[in-house]
Amino acid sequence: MSSDRLGEVEEILTCYRKQVFGKELTLTTTPDEDKERIKLQITKLKKLMQPYEQEYWKILSEQSGSIEISEQEAKVVVAEIVNQVHKIEVSSSTYPDEALILLREIRDQLNQPDKSAAAKVKGVISSIPPFVGISYEAELDTENFLRNHFPTFISLINRAIKKKQIL
């Protein structure tokens, strides 16, 4: 049931993302007098996406225990996240304090010596839903944030989801 819903929510989000992309593309060629209207449309679309993004990460978090992640892939993801969190901390003026606190908690989870890398990545997946909620309150674009700073992590999650949906 939840993996079916995960696919449905992912499809809805894909549609919204395409709409946002189309509006952003339009901004590059639109006359100045229309730009504010289009920016408002983008903001409205992102607000409409919010409950679906939260649902997506909630379902993913609930299923994180059953997702297959190889230790080798997980080690790469752990290294990427720790490195990116450090970079974000150095340039912290861009992100709200709430997001930085949660990123530090995630980094601390990843630095625990007694867990396998795969277990650490599953822990990170479980930690993201509150991050998603706070990021919207702080008007941080979660999707772009994760894609820009943690591309290997997002890629690993997408592959794991696809494998699970195939089985």
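Could you please find all residues in region 143-158 being closer than 13 Å to SER64 by Cα and without any contact (Cβ under 8 Å) to a residue 12 or more places away in the chain?
ASN158
In region 76-98, which residues are under 23 Å from LYS120 (Cα atoms) and of a type in the set (Phe, Trp, Tyr)?
If the condition is that a residue be under 23 Å from LYS120 (Cα atoms) and of a type in the set (Phe, Trp, Tyr), then no residue fits.
Can you go through LEU60, LEU100 and tell me which one is open to solvent by less than 60 Å² (accessible area, probe 1.4 Å), in a helix (DSSP H, G or I), closer than 17 Å to ILE157 by Cα and of a type in the set (A, V, I, L, M, F, W, C)?
Details: LEU100 fails: closer than 17 Å to ILE157 by Cα.
None of the others qualify; the one that does is LEU60.
Just to be sure before I move on: is SER70 open to solvent by 20 Å² or more (accessible area, probe 1.4 Å) and either touching a Pro at 6+ places or on another chain (Cβ under 9 Å) or without any contact (Cβ under 8 Å) to a residue 40 or more places away in the chain (or both) in the structure I sent? If you could, list the steps in order and put the result at the bottom.
Details: open to solvent by 20 Å² or more (accessible area, probe 1.4 Å): yes; either touching a Pro at 6+ places or on another chain (Cβ under 9 Å) or without any contact (Cβ under 8 Å) to a residue 40 or more places away in the chain (or both): no.
So SER70 fails the test.
Could you count how many residues in region 1-33 are part of a helix (DSSP H, G or I), of a type in the set (S, T, N, Q) and over 12 Å from MET49 (Cα atoms)?
Step one: list which residues in region 1-33 are part of a helix (DSSP H, G or I), which gives 2-27, 32-33.
Filter again for of a type in the set (S, T, N, Q), leaving 2-3, 14, 19, 26.
Subset that is over 12 Å from MET49 (Cα atoms): 2-3, 26.
The total comes to 3.
Considering (1) at pLDDT below 75; (2) open to solvent by 50 Å² or more (accessible area, probe 1.4 Å); (3) part of a helix (DSSP H, G or I), say which one TYR136 fails and leave the rest.
(2)
If I ask for residues that are among the hydroxyl-bearing types (Ser, Thr, Tyr) and either exposed (fewer than 15 other Cβ atoms within 10 Å of the Cβ) or closer than 19 Å to LYS162 by Cβ (or both), which ones from region 1-29 would you list?
Filtering region 1-29 for residues among the hydroxyl-bearing types (Ser, Thr, Tyr) gives 2-3, 14, 16, 26, 28-29.
The answer is SER2, SER3, THR14, THR26, THR28, THR29.
Only residues in region 85-109 that are among the hydroxyl-bearing types (Ser, Thr, Tyr) count as the first member; pair them with residues that are assigned to a helix (DSSP H, G or I), Cβ under 6 angstrom, at least 6 apart or cross-chain, and list the lot.
Pairs found: SER92/LEU100.
Among the residues of region 36-78, count how many are out of contact with any helix residue (DSSP H, G or I) (no Cβ under 9 Å at 6 or more places or on another chain) and of a type outside the set (Asp, Glu). Even if it seems obvious, please write down each step before you answer.
Start the filter on region 36-78 by keeping residues that are out of contact with any helix residue (DSSP H, G or I) (no Cβ under 9 Å at 6 or more places or on another chain), which leaves 36-37, 40, 43-44, 51.
Filter again for of a type outside the set (Asp, Glu), leaving 37, 40, 43-44, 51.
Qualifying residue count, region 36-78: 5.
For every residue, the table says whether it meets (1) over 30 Å from LYS39 (Cα atoms); (2) at pLDDT 85 or above; (3) not charged (D, E, K, R).
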position	(1), (2), (3)
GLN84	no, yes, yes
ILE101	no, no, yes
ARG107	yes, yes, no
ASP114	yes, no, no
ALA118	yes, yes, yes
ILE125	yes, no, yes
PRO130	no, no, yes
ASP141	no, no, no
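The values are calculated or read from the model by the stated rules, or taken from the named source; none is laboratory data. None of the values given here were measured: they were computed from a predicted structure. Here Cβ is always computed from backbone atoms with ideal geometry, including for glycine, and neighbour counts include all displayed protein chains. Heavy atoms of the whole protein, side chains included, go into the accessibility calculation; ligands, DNA and RNA do not. Shrake-Rupley method; radii C 1.70, N 1.55, O 1.52, S 1.80 Å.
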